[in-house]
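Asker: My questions all concern the structure below.
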Amino acid sequence: MDSPSRPGVVAAPVRVGAGFAAFALALLLGLQPITTDAYLPALPMLTRELGAPMSAAQMTMAALILAFGVAQLVWGPVADRVGRRPVLIAGLALYTAASAGAALAADIELLIVWRTVQGACLAAAVVVARAIVRDLYEPLEGARVMSIALSGLAVIAFASPSLGGWVAGVWGWRATLSLVALAGALTLGFIALRLPETLRQPNPRATAIAPLARSWSRIARHPTFLAWALLTSFTYGGLFTFLAGSSFIYIDILGVSPGAYGLAMASGSVAYLAGTFACRRWIIRVGVVRAVQRGALFTLAAGALIVACAMAGWYTVAAVLLPQWLFAFGHGIHQPCGQSGAVGPFPHAAGAASALAGFVLSLVAFLDGRWLGFALRGEVLPFALTVGFWSLATAAVAWTLVRRLERP
């Protein structure tokens, strides 16, 4: 097993096959949908059992996402300084412990605390996964490998709500969070035993405040970073609206069972998987920028359809499910391109760039979650308008900021 390189020493290039790298990335990135999607069918149930208002239930998601974003600003530079493996092992160990604590929470306040810790530790897995892509690959190849990894993530996302809905229906919401803890423990074991260190040259000054602030300022002003970070953040804002709000729409308003709701969310993961396959094909045929522009057509169609159905009073499962499929398909194109594109210009600060992109994404999701907690009052229209807003914002970025990145 390779050990982290000493500061100032350039290690030999790490030889990691694309298939193995994609599998490892899928496991790490897949913890995010496991943490959120498997938990979704249990939200109405825990709200009733803990006697909590909807706003408090939404806070268990929003607090996790905010901690997830802020913690990336810490984990990213630390990973640039000490290496990827130490950060992954520490983060995954703490994530597993926090997941177990959430499963045992006695009230909604304690559950929010544990979910906050869970989000902070989850950040280590996600920020390092994106940095590993830049350690091993140039941006174009990185987008291809990332799309393969996100295909694996789609499989995990497909299974998570279905399994979570079944587990919640049989054993209750605490069992669902126990399932999340088990996923963390298994991922920790794999990473500790199999994944080598991928950082060739640690940066001993990566966590120094002044250089870090200058690095973040340089990254944030870079037009390539700005375009891709906004694209991934806005498309995730729409996805998060489905994640955080759809359980109340499907279960409380449309009368769908938790198990059937899990299947509905799983079907969205199939559409997302199809998007990642289309992404790989379109990258080869038309390039990254035009692939994203094509994906934006599906994203915008999703927003227009769900808003039109809600304004017409068509409150049916199909009126929510079809836009969800369209949006998920576009998301499967935007995420691989955006995640690899945001760190592409920064090979020597991939952790910092990944952290900053993740922070922006999580801040968008947190604000969206707080809005949903305020706006969702047993009506479909506010939910639909929120999806429509993020669809329009995503398409606007794809057709303006991202379009300017296309080379003649």
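Laboratory data are not the source of any read-out in this text; all were calculated from the coordinates shown. On a predicted model such as this, the values are computed, not experimentally measured, just so you know. For neighbour counting, all protein chains shown are included, and Cβ atoms are generated from backbone atoms with ideal geometry for every residue, glycine included.
Asker: Relative to the longest principal Cα axis of the chain, at what angle does helix 173-194 sit, 0 to 90 degrees, rounded to 10?
Answerer: Approximately 20 degrees, to the nearest 10.
Asker: For the ranges 187-197, 282-292, 110-120, what's the packing order if you count other beta-carbon atoms within 10 Å of each residue, average per peptide, and put the highest first?
Answerer: 110-120, 282-292, 187-197
Asker: Computed from the coordinates I sent, Cα Rg over 2.2 N^0.38 Å equals one of [x] 0.92; [y] 1.12; [z] 1.25. Tell me the label.
Answerer: Computed from the coordinates, Cα Rg over 2.2 N^0.38 Å corresponds to [x].
Asker: Can you tell me the length gained on complete extension of the stretch residue 182 to residue 286, counting 0.36 nm per residue apart and subtracting the Cα distance? Working shown, then result.
Answerer: Details: separation 104, 0.36 × 104 = 37.44 nm, distance 4.12 nm.
Gain on extension, residue 182 to residue 286, equals 33.3 nm.
Asker: Calculate, in nm to one decimal, what residue 171 and residue 217 gain on full extension: separation in residues at 0.36 nm each, minus their alpha carbon distance. Mind dumping the intermediate values first?
Answerer: Details: separation 46, 0.36 × 46 = 16.56 nm, distance 4.85 nm.
Stretched fully, the residue 171-residue 217 segment lengthens by 11.7 nm.
Asker: On a 0 to 90° scale, report how tilted helix 139-171 is relative to the longest principal axis of the chain, with both axes built from alpha carbons and the result rounded to the nearest 10.
Answerer: Around 40 degrees separate the two axes.
Asker: Nearest 0.05, what FRET efficiency do residue 205 and residue 140 give at R0 = 25 Å with Cβ-Cβ as r? Walk me through the intermediate numbers first.
Answerer: On the way: r = 30 Å, r/R0 = 1.18.
Result of the calculation: an efficiency of 0.25.
Asker: Angle, helix 223-247 long axis vs. longest principal axis of the chain, Cα atoms, 0 to 90°, nearest 10?
Answerer: Taking Cα atoms only, the helix is inclined about 30 degrees.
Asker: Turning to a different aspect of this structure: From the helices alone, meaning DSSP H stretches of at least four residues, give me the mean residue ellipticity at 222 nm for the chain, per-run term -39500 (n - 2.57), in deg cm²/dmol to the nearest 500.
Answerer: Computed mean residue ellipticity for the chain: -28000 deg cm²/dmol.
Asker: Given C-alpha coordinates of region 125-167, what is the ratio Rg to Rh with the Kirkwood estimate of Rh?
Answerer: 1.15
Asker: Calculate, in nm to one decimal, what residue 89 and residue 190 gain on full extension: separation in residues at 0.36 nm each, minus their alpha carbon distance.
Answerer: Length gained between residue 89 and residue 190: 35.4 nm.
Asker: With each label point set 7 Å from Cα along the Cα-Cβ vector, what nm distance links residue 314 and residue 20?
Answerer: So the label points at residue 314 and residue 20 sit 5.1 nm apart.
Asker: Per residue of region 203-211, in order, report the coupling 6.51 cos²θ - 1.76 cosθ + 1.60 (Karplus, θ = phi - 60°) as ³J(HN,Hα) in whole Hz, putting x for Gly and Pro.
Answerer: My calculation for region 203-211 gives 10, x, 9, 5, 9, 5, 4, 5, x Hz in order.
Asker: What distance in nm lies between label points placed 7 Å from Cα along the C-beta direction at residue 374 and residue 257?
Answerer: 3.8 nm
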